[in-house]
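Remarks on the structure that follows.
Rule-based calculations on the coordinates, nothing more; no lab input. A quick note: this is a predicted structure, and the numbers were derived from the prediction, not measured. Cβ: placed from backbone, ideal geometry, glycine included. Neighbour counts: every protein chain shown.
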Ligand code: IPD
Ligand code: CA
Ligand code: CA
């Protein structure tokens, strides 16, 4: 394991344990500006500063993009992309589906990713060209090649109430075409579960870089495919994401095109 991955791992585990210890102990729940259902707690903020402080101590020059503190650019070629608590709505309800996601870019390319789920004690790790791992064991995407036999997962953006249109149409079409569709409430875990072969495919309309930095690399390194809804290569700075085992990718693109009309 590289020194950088070791640091990302230690940091994600420490923050994840902190989250778990604080379930049910939230003192303040705020709503993000203009978004009634987009919650943030003091625990999200504390977890993010813990992560950044720990990394900055070792690499004071590195840049950061954290969900709660925004972009902190430097001249460094390294940028850490952090979601300190992915699954905040679940967390505020005491639903144990949430995680910490830490990704690292080098010259704009994903170099490594770590997602830690403190409830299941599951650690997902990856490094570019080094494969994907769950608790140090290699993981691979599933081999399902029929959409009708696929278990899919999706998520909804916080502004869903004002734009159900295409999003609900995609959801309805996939419900009809797949074996089943789930909605866990943590995009980072959705991606990890595609990487581990638990889900065959995942789509979501409107993600942020911190939701997917680690998860996208995990899916790719587990042998899966990540693109935009039309199948074009995408970056973590584009909103829509389609991540699959590769085998059902085209079938999902076709379905997404149908419900976009
Ligand atoms: C959210 C979760 C959710 C997804 C949303 C994300 P947060 O992140 O990942 O599953 O549907 O798009 O914003 O706010 O819990 O960090
Ligand atoms: Ca998130
Ligand atoms: Ca978050």
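Miscellaneous remarks
- Inter-part distance where region 174-199 and region 63-92 are each reduced to a Cα centre, Å: 23
- Note on 75, 200: ascending count of other Cβ atoms within 10 Å places them as 75, 200, the fewest first.
- Normalising the average separation of contacting C-alpha pairs (under 8 angstrom, six or more residues apart) by the number of residues puts the relative contact order of region 3-138 at 21 percent.
- Protection proxy ranking of 33-43, 177-187, by the mean of other Cβ atoms within 10 Å over each peptide's residues and highest first, is 177-187, 33-43.
- Contour excess over end-to-end distance, with Cα ends at residue 107 and residue 14 and 0.36 nm allotted per residue: 30.8 nm
- Nearest-ten-degree value, helix 209-221 long axis tilted from longest Cα axis of the chain: 70
- Taking 17 Å as the cut-off, the amide N atoms of region 134-165 that come nearer than this to a point 7 Å along the Cα-to-beta-carbon line of residue 179 belong to 140-154.
- Residue order, fewest to most beta carbons within 10 Å, for 193, 59, 202: 59, 193, 202
- Pairwise Cα inverse-distance average, inverted: Kirkwood Rh of region 132-183 (Å): 13.1
- Put simply, when 249-256, 154-161 are sorted by average Cβ atoms within 10 angstrom per residue, most first, you get 249-256, 154-161.
- Over the chain, relative contact order from alpha-carbon pairs under 8 Å, at least 6 apart, %: 17
- Label zone of residue 238 (point 7 Å out along Cα→Cβ, amide N under 17 Å): in region 175-208 this covers 202-208.
- Helix 249-260 and the long axis of the chain differ in direction by around 80°, with both axes built from C-alpha atoms.
- P(r) weight above 17 Å for region 147-260, C-alpha pairs, percent: 47
- Cα coordinate range in the chain, projected on the principal axes (Å, largest first): 49, 41, 34
- Using alpha-carbon coordinates, inclination of helix 165-177 to the longest axis of the chain, degrees: 60
- Expected 222 nm ellipticity per residue - DSSP helices of 4 or more, -39500 (n - 2.57), all of the chain, to 500: -10500 deg cm²/dmol
- Simple spin-label estimate for residue 146 and residue 26 in nanometres, 7 Å along Cα-Cβ: 4.2
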